[in-house]
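For reference, the structure discussed in these notes is given below.
We did not get these values from a lab; they are worked out from the coordinates using the rules stated. All values derive from a computational prediction rather than experimental measurement. Glycine also receives a Cβ, built like all others from the backbone with ideal geometry; neighbour counts cover every protein chain displayed.
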Amino acid sequence: MHTGPLRRRAIAVGITVMASALAVSACNAKTTTPGKKSVLETVKKNGKIVIATDASYAPNEFKQNGQIVGFDVDLGTAIAKKLGVKAEFQDVKFDNILPALQSKKYDIGLSSFTDNKQREASFDFVTYFSAGTGLMVKAGNPEKLMPDDLSLCGKKVAVEKGTTQEDELTPKSSAKPDAGARIDKCKQGGKPAPAKISLDDQNAANLALGNGRADAVLADSPVAAYAAKESGGKFVISGNAYDTAPYGVAIPKNENDLRDAIQKAVKDLIADGSYKQLTDKWGISSGGITEPKVNGASG
């Protein structure tokens, strides 16, 4: 995409260019049609907000003793409380979340989504965190891999399906015109492209590194750092994170009341100190923000 740096999970939603254009033009239209309840009204009436998340991306969203936990889960619960309702989380395969959100199956998506221009054509986002991509390798880094040189060229790299990291390793196409950043870099250096290993979730990508199927893993910086920390010394992070960009709460277009209420809730959580308590709790304070934005993608 490279209208700016991208981050976690940059799937394309199955809609036409025409539909995207209509969604953008309608951004400032009335929230609802006459006689139709807004999502916020439905949430208030039901006393709960249904949140789709892919619980395989620790420390942001994952399962612990059968329960969905993590920073995003705590944040979503706190947002719901500010709205005067309860949060109900549903574990959904990542690349199914945005299409399901578009069909009104869930109220919002909170699953480490990168706020980028492509997504903003079809959804609104309230930013709440900043993350980059991290490179995770085996302890000792036997292959001497680094994120900012050509050392990944020709190597086997595991990524989660639907992520921006997968896009780095995917050739450009009409559907993904801004993909292939890592491939292009290797090509320019006269090196073979990395061998992409796309897996259904982050746990499978980490396992591929552990069992030797992959030489490295690319994932969001807080996720890679957490996996390395929890690996018992088997994995380490090589180099610094790159392509920092915001995470955003995904909200259906034209649900302006809900969008604005969520932005206010995040602002209030930052102001009263609750937000910092959560980033501290999960060890990710370096990615904390001070001002949530609506559709804050760069580029």
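Observations on the structure shown:
- Antiparallel DSSP beta bridges within the chain, percent to nearest 5: 60
- From the Kirkwood radius over Cα pairs of the stretch 66-199, Stokes-Einstein at 25 °C and 0.890 mPa s returns a whole-number translational diffusion coefficient of 141 µm²/s.
- Karplus-derived 3J(HN,Hα), 6.51/-1.76/1.60, for each residue of the stretch 66-78, Hz, glycine and proline x: x, 9, 7, 9, x, 4, 4, 5, 4, 5, x, 5, 5
- In the chain, taking the dipole from charged Cβ atoms about the Cα centre, the farthest positive-side position among Phe113, Pro142, Ala214 is held by Phe113.
- The distance from the alpha carbon centre of the stretch 119-139 to that of the stretch 248-299 is 13 Å, rounded to a whole number.
- Principal axis extents of the C-alpha atoms in the stretch 133-243 (largest first, rounded to whole Å): 41, 27, 24.
- In the stretch 133-243, the DSSP beta bridges split such that about 55 percent are antiparallel, to the nearest 5.
- Relative contact order for the chain: 30 percent, from Cα pairs under 8 Å spaced at least 6 residues apart, divided by residue count.
- As a proxy for reagent exposure, ranking Val159, Val294 by other Cβ atoms within 10 Å from fewest up yields Val294, Val159.
- Per residue, the average separation of C-alpha pairs within less than 8 Å and at least 6 apart gives the stretch 133-243 a relative contact order of 44 percent.
- As a ratio to 2.2 N^0.38 Å, the alpha-carbon radius of gyration computed for the chain takes the value 0.99.
- Of the trypsin sites (Lys or Arg not before Pro) found in the stretch 56-123, those that fall in a DSSP loop while having at most 16 other beta-carbon atoms within 10 Å are Lys93, Lys104, Lys105.
- Taking Ser221, Ser38 and counting other C-beta atoms within 10 Å, the order from fewest to most: Ser38, Ser221
- Going by neighbour counts of Cβ atoms within 10 Å, the residues Tyr226, Tyr242, Tyr247 line up, fewest first, as Tyr242, Tyr226, Tyr247.
- The stretch 96-163: C-alpha gyration tensor shape, a/c 1.5 cut-off, then a/b vs b/c: prolate
- Rounded tilt (10° steps) of 256-271 against the dominant C-alpha axis of the chain: 70
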